[in-house]
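Chemist: What follows is a single structure, and I will ask about it in a moment.
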Amino acid sequence: MAEFIAGPRVYSCCNCRSHVSLHDDIISKAFQGRHGRAFLFTHAMNIVVGPKEDRHLLTGLHTVADICCATCDEVLGWKYERAYEALQKYKEGKFIFEKLKIVKENW
Ligand SMILES: [Zn+2]
């Protein structure tokens with residue numbers, strides 16, 4: 001991989017360009033969102049976490065909360081609050097951003 005980074009590579013809200021996550025915080029790019037491909041991140045910023053709800057996902061029952069842009073309220077993805085199956089526990093406290101909802105900056 002080429003290394004010619006001037007600053008941190010960030011992802012921004014597709015709507016208002018607030019910075020919402022860092023490329024270095026990506027755990028996986030192989031997630032499925034409601035609008036196609038989605039990325040799993042360890043951290044998020046400038047977002048608001050909505051109410052928790054239980055959802056049956058492809059990988060089983062999870063407690064999740066939608067995450068919205070703190071600036072423009074665009075729904076960007078969700079946070080995994082709790083996973084009920086041992087193999088899915090690594091997702092707890094992590095954030096999903098829909099690929100369609102975020103744009104690259106500083107790449
Ligand atoms: Zn926004």
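Chemist: Grab the beta carbon distance between Glu85 and Cys16, set R0 = 30 Å, and tell me the FRET efficiency rounded to 0.05.
Modeler: Working: r = 36 Å, r/R0 = 1.20.
Between Glu85 and Cys16 the formula returns 0.25.
Chemist: Then there is this: For the chain, max minus min Cα coordinate along each principal axis, in Å, sorted largest first?
Modeler: For the chain, the Cα extents along the three principal axes come out at 41, 33, 21 Å.
Chemist: Where the accessible area of the chain is counted over protein heavy atoms with a 1.4 Å probe, how much of it, in %, is carbon and sulfur? All intermediate terms of the calculation are to be shown ahead of the outcome.
Modeler: Working: 3250 of 6270 Å².
Carbon with sulfur: 52 percent of the solvent-accessible area.
Chemist: I would also like to ask the following. Using amide H atoms built 1.01 Å from N in the peptide plane, name the residues 5+ places from Phe31, or on other chains, whose amide H lies under 5 Å from its own.
Modeler: Here the answer is Ala38, Leu40, since their amide H atoms fall under 5 Å of that of Phe31.
Chemist: What does the accessible area of His19 come to, in Å² to the nearest 10, when a probe of 1.4 Å is used?
Modeler: 80
Chemist: Accessible area per residue, 1.4 Å probe, Å², for the chain: what's the number?
Modeler: Numbers: 6270 Å² over 107 residues.
For the chain, the per-residue accessible area is 59 Å².
Chemist: Hey, rough spin-label estimate for Val49 and Val75, points 7 angstrom out along Cα→Cβ, what's it come to in nanometres?
Modeler: 1.8
The values are calculated or read from the model by the stated rules, or taken from the named source; none is laboratory data. Fair warning: this is a prediction, and the values are worked out from it, not measured in the lab. Ideal geometry is used to build each Cβ from the backbone, glycine not excepted, and the neighbour counts take in all protein chains shown. SASA here: full protein model, heavy atoms, side chains in, ligands and nucleic acids out. Shrake-Rupley method; radii C 1.70, N 1.55, O 1.52, S 1.80 Å.
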